[in-house]
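Just so you know, all these numbers are worked out from the coordinates, no wet-lab data involved. Since we're looking at a predicted model, the values are computed, not measured. Glycine gets a Cβ as well: all are built from the backbone with ideal geometry, and neighbour counts include every protein chain shown.
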Amino acid sequence: MNMRGIWAELRAIRYLRRLGYRVRHLHWRGGGGEIDLIAEDHGQTVLIEVKSAARLTEGARRVDQQKIARLERAAAAYMRQTGTEHVRFDILEESDAGFRLIRGAF
């Protein structure tokens, strides 16, 4: 991961906390993949993919079917390990313009 990505994730954590999310894990690995952030939002477990881009909307476009498949495998491993039954996938884009949170992205 590059420094831009690390700083984006740290800013993302601060942003999500302001929205009321409780961040539980950073860079959780399992099932052959990695989940950038795992948080809780009003009692619901949320798996968050953080994307930094020059412009908002560019980040979400980089979450292709191959990336979704890896995230879903990692999510299944997380759910088995923790006994979590339901999760939501969000994408959080970060750019110079700010943040854009896509709840229930896929």
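How far is helix 3-18 tilted, in degrees, relative to the longest principal axis of the Cα atoms in the chain, given as a value from 0 to 90 rounded to the nearest 10? Roughly 70 degrees between the two axes. In terms of the Cα gyration tensor, with a ≥ b ≥ c the square roots of its eigenvalues, is segment 27-73 rounded because a/c is under 1.5, prolate because a/b exceeds b/c, or oblate? It comes out oblate by the Cα gyration axes.
Put in line by how crowded their Cβ is, counting other Cβ atoms within 10 Å and starting with the fewest, Asp41, Asp36 read Asp41, Asp36. Restricting segment 66-96 to GluC sites (Glu not before Pro) that sit in a DSSP loop and have at most 16 other Cβ atoms within 10 Å of their own Cβ leaves Glu85. Rounded to the nearest 500, the helix-only mean residue ellipticity at 222 nm of the chain stands at -11500 deg cm²/dmol, with each DSSP H run of n ≥ 4 adding -39,500 (n - 2.57).
Principal-axis analysis of the Cα atoms of the chain puts helix 65-82 at an angle of about 50° to the longest axis.
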